[in-house]
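The values are calculated or read from the model by the stated rules, or taken from the named source; none is laboratory data. Remember, predicted model here, so these are calculated numbers, not experimental data. Glycine also receives a Cβ, built like all others from the backbone with ideal geometry; neighbour counts cover every protein chain displayed. The accessibility values were calculated without ligands, DNA or RNA, using every heavy atom of the protein model including side chains. Shrake-Rupley method; radii C 1.70, N 1.55, O 1.52, S 1.80 Å.
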Amino acid sequence: MKLVVLTGAGISAESGLKTFRASDGLWEAHRIDDVATPEGFARDPDLVHAFYDTRRAQAQGVVPNAAHAALARLEAHLTSTDDAGFTLVTQNIDDLHERAGSVRVVHMHGELNSALCSQCGARLPWTGPLGNRPPCPRCGGHTLRPDVVWFGEIPYRMNEIAQAVDECDLFVVVGTSGVVYPAAGFSSMARAAGARTVLLNLEEQDGWARYDEVHLGPASEVVPRWVDDLIGESHT
Ligand code: NAD
């Protein structure tokens, strides 16, 4: 079986990281245009750096929940057999999947624990702040920005994701509102290519009726239950 899982902010909500749209299009009380666009960064880099420096420190202070752990368990189970394929695509910029034990994680929207140099293009592991304008270790320019894909920018590893979505038998969406493209289009792509589609989300969302299977509820309850059922099925 080839499986692709797409996760969004909802999977990290119960770890204490707020989602994006839940509060009227605001992210931690900031307008998306101000903190998640290249134009917002050009307008007020101090604000954007302070925002992501706070998100980075906040993410470092929380721990993965049962949903992250269940997906790590599923990966370990599936990849223990030769012919299984498993790809975890996340829109999240936190590292809770990795800290739960997931290995094959594709961060299509970048990572808080990474810095991008807008002068030389280097992508560097980064756990400290950027608001103090540290020099780029590669080129020396004071030109580092959060390595996060903002609206209007191209997500990472799209070819690899498109191939995995096209080839999968099962496509599972966890905790995402389904409004941020291109990720919002992946389930239609998977369905068109013949995959079974499953939605695990707190509530109904746009297009939920088009999924083959829908399980509503908090990720920390719904995801472990779904994973245990799938692992159980694979033993029968
Ligand atoms: P979103 O905030 O637009 O939608 C979150 C979805 O999760 C909603 O459908 C909501 O019903 C659901 N949800 C909320 N709590 C849940 C729970 N406990 N269990 C299951 N589902 C729950 O998120 P998105 O679609 O991922 O888009 C947000 C964008 O913002 C992403 O691109 C991401 O980069 C960024 N973001 C990231 C983080 C993070 O890394 N943790 C947090 C906020 C925003």
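In region 183-205, the residue that is modelled with the lowest pLDDT out of those that are within 18 Å of the chain's Cα centre (by Cα) and within 11 Å of the ligand (Cβ to nearest atom) is Gln205. Ser118 - would you say it is hydroxyl-bearing (Ser, Thr, Tyr), in contact (Cβ under 8 Å) with a residue 12 or more places away in the chain and within 16 Å of the ligand (Cβ to nearest atom)? No.
Given the criteria exposed (fewer than 15 other Cβ atoms within 10 Å of the Cβ) and without any contact (Cβ under 8 Å) to a residue 60 or more places away in the chain, does Ala29 qualify? Spell out how you get there, then give the answer.
Numbers: exposed (fewer than 15 other Cβ atoms within 10 Å of the Cβ): yes; without any contact (Cβ under 8 Å) to a residue 60 or more places away in the chain: yes.
So Ala29 fits the description; yes.
Within region 185-223, can you find the residues that are assigned to a loop (DSSP other than H, G, I, E, B) and in contact with a helix residue (DSSP H, G or I) (Cβ under 9 Å, 6 or more places away or on another chain)?
Kept after step one, since they are assigned to a loop (DSSP other than H, G, I, E, B), are these residues of region 185-223: 193-195, 202-207, 211-212, 217-218.
The answer is Ala193, Ala195, Leu202, Asp206, Gly207, Tyr211, Asp212, Gly217, Pro218.
If you go through region 87-100 one residue at a time, do you hit one that is open to solvent by less than 30 Å² (accessible area, probe 1.4 Å) and away from the ligand (no atom under 16 Å from the Cβ)? No: zero hits. Just to be sure I understand the filter: pairs with C-beta atoms under 6 Å, separated by 6 or more residues or on different chains, first member in region 188-201 and under 17 Å from His215 (Cα atoms), second member in a strand (DSSP E or B) and within 16 Å of the ligand (Cβ to nearest atom). Which pairs pass? Listed pairs, sorted by first residue: Thr197/Phe171; Val198/Val172; Val198/Glu213; Leu199/Val173; Leu199/Val214; Leu200/Val174; Leu200/His215.
Can you say whether Trp208 is within 16 Å of the ligand (Cβ to nearest atom), open to solvent by 10 Å² or more (accessible area, probe 1.4 Å), assigned by TED's automatic domain parsing to the domain that holds Ala76 and touching a His at 6+ places or on another chain (Cβ under 9 Å), as far as the supplied structure shows?
no
Figure legend. Inter-residue proximity from region 57-83: first residues open to solvent by 10 Å² or more (accessible area, probe 1.4 Å), second residues basic (Lys, Arg), beta-carbon distance below 6 Å, spacing 6+ or different chains. Indicated pairs: Pro64/Arg99.
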